[in-house]
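Taken together, the values in this text are just the output of simple stated rules run on the coordinates, not laboratory data. Just so you know, these numbers come straight off a predicted model, no measurement behind them. Here the Cβ positions follow ideal geometry from the backbone for every residue, glycine too, while neighbour counts run over all protein chains shown.
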Amino acid sequence: MATRLRFENSCEIGVFTKLTNAYCLVANEGSESFYSIFESELADVIPVVRTTIGGTRIVGRLCIGNKKGLLLPHTTTDQELEHLRNSLPDTVVVQRINEKLSALGNCMACNDHVALTHTDLDKETEEMIADVLGVEVFRQTIAGNTLVGSYCAFSNKGGLVHPHTSVEDLDELSTLLQVPLVAGTVNRGSEVIAGGLTVNDWTAFCGSDTTATELSVIENVFKLREARPEAIANEMKKSLIDTYV
Amino acid sequence: MFRVQQTAGSVLCCTCGIPMAPNAANMCATCLRSQVDITAGFQRHLTIIHCPECDRSLQPPRTWLKTPLESKELLTFCLKRLNNPNQIRLIHAEFIWTEPHSKRIKVKLKVQKEVLNGVVLEQAYIVEYILQNQMCDSCSRVQANPVQWVAVVQLRQQVAHRRTFFYLEQLILKHDAAMRAIRIKQTNRGIDFFFANRSHASNFVVFVEIFVPIRKRYGKQLVSHDTKSNNYNYKYTFSVEICPICREDLVCPPPNLALGRLLICTKISTGIEFLDLLTLRHRVLEAKEYWRTPFTSLLSSKQLVEFVVLDLNNLDKVNVSGSKYYMADVQVARVSDFGKNDTIFFVRTHLGQILKPGDYALGYDLRAANMNDMELDKYRGEIPEVILVKKSYEERRKKQRGKQRSWKLKTLNMEVDGDETMNDEYEEFCRDLEENPELRFNISLYRNEEYQPSNDDDPPSVPLEELLADVKLNDEDDEMMG
């Protein structure tokens, strides 16, 4: 189920949060409304951690992670590193890496099995990603843009990419990622997908400017409808026996 | 480098959900149009002031432009009246049909503008123009007083005949110089041309100056004065005097001009060309020089007398300067004396090549003429008795009397002042044209359909190739004039 919200009057949700299957990082803000929405949705399932990275609030764009690990840029302070290590479960490996392209969230996108990265990434960083996150790494561009982390968002169920992606590119990416992909927009025609949307396997959050059409596209491609009780009941109905003949 | 074929995919429009090709705004055209109206600041209704008499429209503050319905000029005019805010680009403009009497003009415009993040939107919209009737200044002036003139050119020549004016009339017709004259009036000794504009009159004077030597003066008279705007309305008068010396006139110029003693005028244009009888040379006197010391002619063509050539004796065997004049000694007698008495004159003439014994010639009889000229008095002893001027075709013309010519001339429509009949003079003028091809050079002659050619020995006439066929509506123009 996708939720529409705002961070301090901005619709670019994906900039201020990082959502994975095992945890959620949220930025600090004046009022508590943003955090409280996440808390209400996720608190009983996964830990929701309030943090900054390198003193900034743009946590979503600076770090990259999945259920196995979390990678932080070299600008992260030691206190933040400690705070994160303490707040996240032990299964999650928190690692700070030295990478020239320090906005890791813009340069890479990943789910629990595959990662797409910027074409100019260091070799060591690639090995680190493969190590810490336990994923297969592919260097790719999306619609001619090297910032793959900004222009696509994908989970284990599906993915949404930049609207100008050609059909051949879409096929290629889909085969690499092994998930269905769709080209679309978010926040009323914005092409920066990951800036307006943050998603994991059962839930998604997007900016409040997102139109109903975009929302339905998101829900379809990330298979969010199936998490609802009606869907589960429909699935189960096929295996339930009504009358015993 | 190998490039993979890229086919554009399709995304859903973010507002309405229909599939479309992705664009910069990622909205379908309909949604974009409903969101943004690029024609927001535009005028939809405008007024044009239009004169119904002459079909012209006013471009403020004072210019009136010709704008017929559904024409290019009207479209340009309408577009100019639209003021264009925000630098919006105009792609296409066309008229939409409206009833001609509805006083409304509708123009459909297509404009393009960049909206949102780089999407260029094209939109068509209609502007309606309301035509308001108002008479333009020139039409209202014409309405108030149709014969009101502002400038007049008064052509005058102090001679007893009207040959010059016939010739000028033909020139004016050929060059359409009097096209803008409101009225043309014929007076004794001249013609008046009335114009609505001082510059038209001035142009006309310049035109006349090319063909005859003139002296001009101009004056103006105050008609009205607007004290508030300091506009003064005048009537302008150009007094043009044409030099009184004509072709075939005998002159004795004052000695300070150093032209000679007795001269015959051969050609009039911006200067006067004379033929010196003693030396057979041509001399030209410029108009300005003439008017500094103006002199009149001794004898003019009205005083030509007819002579019969009895005997001819050519003096010059060789023609030196290529002219058509040869000196000869002739014996002539006046036609009025011929047969009655034995008065014979022995004279020297320049028409040696043209005359033969038995021909008729026209010339001046100086012995019998009564001339009152101070210059001539000094030469009293040395002037010849008879000066022959040209060959006469009178005998042949007698046969032709009453018959029509093969050509005719057009005329200006003039108001004639008084009861003058000038048929004789007109006949003389036509004869002049027939005998002198160089006079015909600037004139248009038209073929006379009612002419039947006769087989007799004709006097010199205009060859057929030189005649322009009268222009009819369905025929093509048949100009063969060299």
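Separation of region A:48-124 and region B:186-201, taken as the distance between their Cα centroids, equals 101 angstrom. The longest stretch of chain B left intact once loop-based chymotrypsin sites (Phe, Trp or Tyr not before Pro) with at most 11 other Cβ atoms within 10 Å are removed from consideration, loops following DSSP, is B:98-482. Dimensions of chain A along the principal axes, based on C-alpha atoms and rounded to the nearest Å, stand at 66, 43, 37, largest first. Can you give me the C-alpha center-to-center distance between region B:325-361 and region A:7-37, rounded to a whole angstrom? Between the Cα centres of region B:325-361 and region A:7-37 lies a distance of 131 Å. Among the DSSP helices (H) of chain B, those spanning at least 20 angstrom by Cα along their long axis with an average Kyte-Doolittle hydropathy of -1.0 or more are B:198-211; this is a geometric and hydropathy rule only.
Apply the a/c threshold of 1.5 to the C-alpha gyration tensor of region B:69-182 and tell me whether it is rounded, prolate or oblate. It comes out prolate by the Cα gyration axes.
Estimated from helices alone, the mean residue ellipticity of chain B at 222 nm is -5000 deg cm²/dmol (sum of -39500 (n - 2.57) over DSSP H runs with n ≥ 4, per residue). The separation of region A:168-199 from region B:47-69, counted between C-alpha centres, amounts to 61 Å. For a straight C-alpha distance cut-off of 24 angstrom, the lysines reachable from residue B:174 (same-chain residues fewer than eight places away being disregarded) are B:185, B:216, B:267, B:408, B:410, B:472.
If only the Cβ of Lys and Arg carry +1 and only the Cβ of Asp and Glu carry -1, the dipole of region B:11-133 around its Cα centre is close to 240 debye.
Here's the picture: charge each Lys and Arg Cβ at +1 and each Asp and Glu Cβ at -1 in region A:1-85, and of A:7, A:72, A:47 the one pushed furthest to the positive end of that dipole is A:72. Count Lys and Arg as plus one, Asp and Glu as minus one, and take only other residues whose Cβ is under 14 Å from that of residue B:130; the net charge is then +3. Only the Cβ atoms of Lys and Arg (+1) and of Asp and Glu (-1) were treated as charged; on that basis the dipole of the protein assembly as shown about its Cα centre amounts to roughly 2460 debye.
Of the beta bridges in the protein assembly as shown, as assigned by DSSP with both residues counted there, near 75 percent are antiparallel.
For region B:250-392, the pair-distance distribution built from all alpha carbon pairs, in bins 10 Å wide starting at 0, is 11, 40, 36, 13, 1 percent. Judged by the gyration tensor of its Cα atoms, with axes a ≥ b ≥ c, region A:157-219 is oblate; a/c meets the 1.5 cut and b/c is at least as large as a/b.
Over the protein assembly as shown, the alpha carbon radius of gyration divided by the compact-protein estimate 2.2 N^0.38 Å works out to 1.98.
Each of the GluC sites (Glu not before Pro) that DSSP puts in a loop and that has at most 12 other Cβ atoms within 10 Å breaks chain A; the longest unbroken stretch is A:33-245.
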